[in-house]
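Enquirer: For reference, the structure I am asking about is given below.
The values are calculated or read from the model by the stated rules, or taken from the named source; none is laboratory data. Model, not experiment: these values are computed from the prediction. Here the Cβ positions follow ideal geometry from the backbone for every residue, glycine too, while neighbour counts run over all protein chains shown.
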Amino acid sequence: MSITNGTKLSSNVSFQSADANVGFRPDGRRLFDFSDRVAELAPEESPFFVYLSQVAKVPTDDSVFRFLENRSKIDWTSRNFLVKGAVGTVAANTDYSFTVDTTGGASVDYLVPGMVFAVKTVDDTNGYGQAIFRVNGSITDNGSDTTFSARCVDLSNSAVSGYNSVADNDECQIIGTSFAEGSASPDAWSGEIEDDYGYTQIFKTACEMSNTAIATRYRGYANEWERVWAMKLREHKVDMERAMLFGQKARSGGVQYTEGIVGHIVKNAAPETTDTTALSYTSGSPYYRSVEQANLTYDLLLGDLEVIFDPARGGSADRLVLASLPVVTFFNKLGDGAFMDASIGSVSNGINRYNFAERDGAFGHKIMTIETIHGTMHLVKEPLFRGISSGFMAMIDMSKVAYRPLVGNGINRDTQIMTNVQSPDEDLRKDMILTEAGLEITLPECHALYNVEGL
């Protein structure tokens with residue numbers, strides 16, 4: 001007989017019949033798949049996990065799962081850049097050198113000779129003017145700067161002051177391509193699909209009780225084991241909800257931690273605290289606003305939604321909005337003459353600006369809907385947003401998140417129950433709930449977090 005020293009990291013658990021009617025030996029271990037049933041328990045306690053497990057489950061066969069982010073839609077619709085350094089006074093049929101302002105990670109990989117772009121030559125005070133240029137020289141990426149040569153082909157009305165002056169930080173917009181008759185094919189370019197990764201996290205919850213307690217009939221609830229077991233299942237699910245909300249991707253001391261939607265946002269986005277400024281777009285970055293309750297006006301929110309729901313960002317027209325109870329109360333208090341007055345653009349024009357009537361959701365939740373000109377917000381109460389997060393409202397594009405349970409080599413590590421994991425000499429019963437899974441977040445610019453202060 002061989003003897004193995006040390007702690008075993010995995011057990012030789014025998015997979016027996018999962019039929020609930022089949023008994024088990026006092027010293028036997030059995031494994032039950034509970035992945036679908038756990039989501040059905042008290043769905044109002046963990047709405048995000050329930051939505052993930054029901055509509056966004058994508059198994060992974062690697063505890064370090066990888067995924068792709070395709071921003072091609074953004075590339076096609078947002079071909080804008082800024083001039084770095086003044087070009088000066090320009091004239092038609094003359095060549096000029098341009099340097100691109102790459103502040104904030106701006107990319108002009110799409111630039112090829114033959115592309116035509118317009119430069120906004122004056123400010124809003126003097127009026128709008130533009131100069132039209134065609135890229136006619138090679139594009140050089142110097143690492144920190146991108147330079148190229150372009151010919152001015154036309155100018156705006158000379159009656160507009162500043163019509164022919166290209167200054168530092170002037171805005172440029174691609175307006176197509178133009179080639180001479182009989183010319184050769186243009187240069188080609190391609191945008192790479194970006195990749196990212198996440199970790200699965202191992203969740204464990206134990207249910208333990210002495211055999212004496214199991215055999216005892218109690219008042220109120222005869223079977224104490226069943227009562228405690230039901231409580232432990234809900235505890236396990238809520239712990240997963242907490243991780244999917246607040247977790248931050250990390251690996252330390254042999255332990256992996258998955259990323260949560262709130263944890264991702266607060267780690268990767270600086271909060272916008274100016275209550276008169278709309279959120280601004282940065283490729284690969286989520287949105288984060290911290291705002292006083294008194295300053296959260298409909299105008300401010302609508303300006304933000306214009307950015308959040310911008311179809312050029314690749315997201316959908318719907319957001320699941322997980323909101324704290326105080327935030328839900330705040331929205332429902334907004335009545336006549338306030339934030340979202342029903343008489344404005346709703347009754348008179350027949351536009352349903354908002355609908356606060358609760359309705360039953362598909363998975364056991366109550367949903368309140370706010371319909372705006374930019375997109376639809378589906379508010380669901382998130383009971384874990386309390387204490388330091390009592391003012392939280394997370395806008396999540398469910399098409400850009402996924403629940404990633406570890407499933408590979410015939411082994412499913414989604415939520416399961418392992419019975420009788422106690423030591424052989426212990427006069428007790430101990431079962432364990434185990435889940436190994438993580439959260440995938442793609443296109444972070446499709447998600448937003450609000451911290452409404454003062455609630």
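Enquirer: Within segment 152-177, track down each residue that is closer than 12 Å to Ala131 by Cα, of a type outside the set (A, V, I, L, M, F, W, C) and assigned to a strand (DSSP E or B).
Expert: Residues satisfying the conditions are Asp154, Ser165, Glu171, Gln173.
Enquirer: Pull out all pairs, ordered by first then second residue, where Cβ-Cβ is under 8 Å, the residues are six or more apart or on different chains, the first lies in segment 413-430 and is over 22 Å from Asp33 (Cβ atoms), and the second is of a type outside the set (Asp, Glu).
Expert: From residues that are over 22 Å from Asp33 (Cβ atoms), the pairs are Asp427/Ser210; Asp427/Asn211; Asp427/Thr212; Leu428/Met209; Leu428/Ser210; Leu428/Asn211; Leu428/Gln422.
Enquirer: Out of segment 243-267, which residues are touching a Phe, Trp or Tyr at 6+ places or on another chain (Cβ under 8 Å), in a helix (DSSP H, G or I) and either surrounded by 20 or more Cβ atoms within 10 Å (Cβ to Cβ) or polar (S, T, N, Q) (or both)?
Expert: The answer is Ala243, Met244, Leu245, Ile261, Val262, Gly263, Ile265.
Enquirer: Restricting to segment 368-419, count the residues that are within 15 Å of Ala56 (Cβ to Cβ), among the charged types (D, E, K, R) and not in a helix (DSSP H, G or I).
Expert: Selection size over segment 368-419: 3.
Enquirer: Of the residues Ser185, Ser165, which single one is modelled with pLDDT of 85 or more and over 24 Å from Gly247 (Cα atoms)?
Expert: The unique qualifying residue is Ser165.
Enquirer: Would you mention how many residues in segment 297-338 are within 22 Å of the chain's Cα centre (by Cα) and assigned to a loop (DSSP other than H, G, I, E, B)?
Expert: 7
Enquirer: Given the condition at pLDDT 70 or above, assigned by TED's automatic domain parsing to the domain that holds Ile411, over 21 Å from the mean Cα position of the chain (by Cα) and among the charged types (D, E, K, R), answer yes or no: does some residue in segment 19-29 qualify? First the steps, then the outcome.
Expert: Step one: filter segment 19-29 for residues at pLDDT 70 or above, giving none.
No, every residue in segment 19-29 fails to be at pLDDT 70 or above, assigned by TED's automatic domain parsing to the domain that holds Ile411, over 21 Å from the mean Cα position of the chain (by Cα) and among the charged types (D, E, K, R).
Enquirer: I'd like to know if segment 208-230 contains one or more residues that are closer than 30 Å to Phe65 by Cα and of a type in the set (D, E, K, R).
Expert: No, there is no match, as no residue in segment 208-230 is closer than 30 Å to Phe65 by Cα and of a type in the set (D, E, K, R).
Enquirer: Among the residues of segment 199-227, write down those that are part of a loop (DSSP other than H, G, I, E, B) and exposed (fewer than 15 other Cβ atoms within 10 Å of the Cβ).
Expert: Hits for segment 199-227 are Thr216, Arg217, Tyr218, Arg219, Gly220, Tyr221, Ala222, Asn223.
Enquirer: Still on this structure: Identify all residues within segment 384-443 that are more than 23 Å from Asp318 (Cβ to Cβ) and of a type in the set (Asp, Glu); write none if there are none.
Expert: Asp414, Asp425, Glu426, Asp427, Asp431, Glu436
Enquirer: Moving to a separate point now. Quick test for you: out of Ala270, Ala294, pick the one residue that is of a type outside the set (Ser, Thr, Tyr), in a loop (DSSP other than H, G, I, E, B) and under 26 Å from Phe385 (Cβ atoms).
Expert: One residue alone meets the criteria, Ala270.
Enquirer: Could you say whether any residue in segment 228-242 is under 17 Å from Ile441 (Cα atoms), buried (at least 18 other Cβ atoms within 10 Å of the Cβ) and assigned by TED's automatic domain parsing to the domain that holds Pro43? Steps first, answer last, please.
Expert: We begin by selecting, within segment 228-242, every residue under 17 Å from Ile441 (Cα atoms); these are 240-242.
Next, from what is left, pick out any that are buried (at least 18 other Cβ atoms within 10 Å of the Cβ): 240-241.
Next cut, assigned by TED's automatic domain parsing to the domain that holds Pro43 only: 240-241.
Yes, segment 228-242 contains at least one residue that is under 17 Å from Ile441 (Cα atoms), buried (at least 18 other Cβ atoms within 10 Å of the Cβ) and assigned by TED's automatic domain parsing to the domain that holds Pro43.
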